[in-house]
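Engineer: The structure that follows is given in the form of structure tokens.
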Amino acid sequence: MTDAIQVQILGLMPAANGMAVFLGNETKTFSIHVDHGVGTSIALLLKGEKRERPLTHDLIHLILQGFSITVDRVIVNDLRNDTYFARLTLRQV
């Protein structure tokens, strides 16, 4: 595995089959493509807005929050059949 780099969401842009999510840091920028639903969820999160009904990731966030668990890091380690796979490192604070 290559060295991990720290990135943040730099922006979103609608695309033909979903949204492009631009990730990067001071030296590198790249994009990943997600479906419209995921892109909309990311956009709402960045704006600090909530949906009327929580989605699965909202419920997982509430569970982690309830146990004082934070996401320490996310390492995207594979892309198969247009699906990203990642490892999460969690930390209980």
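Engineer: Residues of segment 59-88 being on the phi < 0 side of the Ramachandran plot, of a type in the set (S, T, N, Q) and exposed (fewer than 10 other Cβ atoms within 10 Å of the Cβ), which ones?
Structural biologist: 83
Engineer: Just to check your reading of the model, which residue among 24, 18, 66 is without any contact (Cβ under 8 Å) to a residue 24 or more places away in the chain, of a type outside the set (Asp, Glu) and in contact with a Phe, Trp or Tyr (Cβ under 9 Å, 6 or more places away or on another chain)?
Structural biologist: Criteria check complete, one pass: 24.
Engineer: Something else: Taking segment 34-53, which residues are surrounded by 10 or more Cβ atoms within 10 Å (Cβ to Cβ) and more than 19 Å from residue 75 (Cβ to Cβ)?
Structural biologist: 35, 36, 37, 39, 40, 41, 43, 44, 45, 46, 50, 51
Taken together, the values in this text are just the output of simple stated rules run on the coordinates, not laboratory data. Just so it is clear, the model here is predicted, and its values are computed rather than measured. Virtual Cβ from ideal backbone geometry, glycine too; neighbours counted across all protein chains shown.
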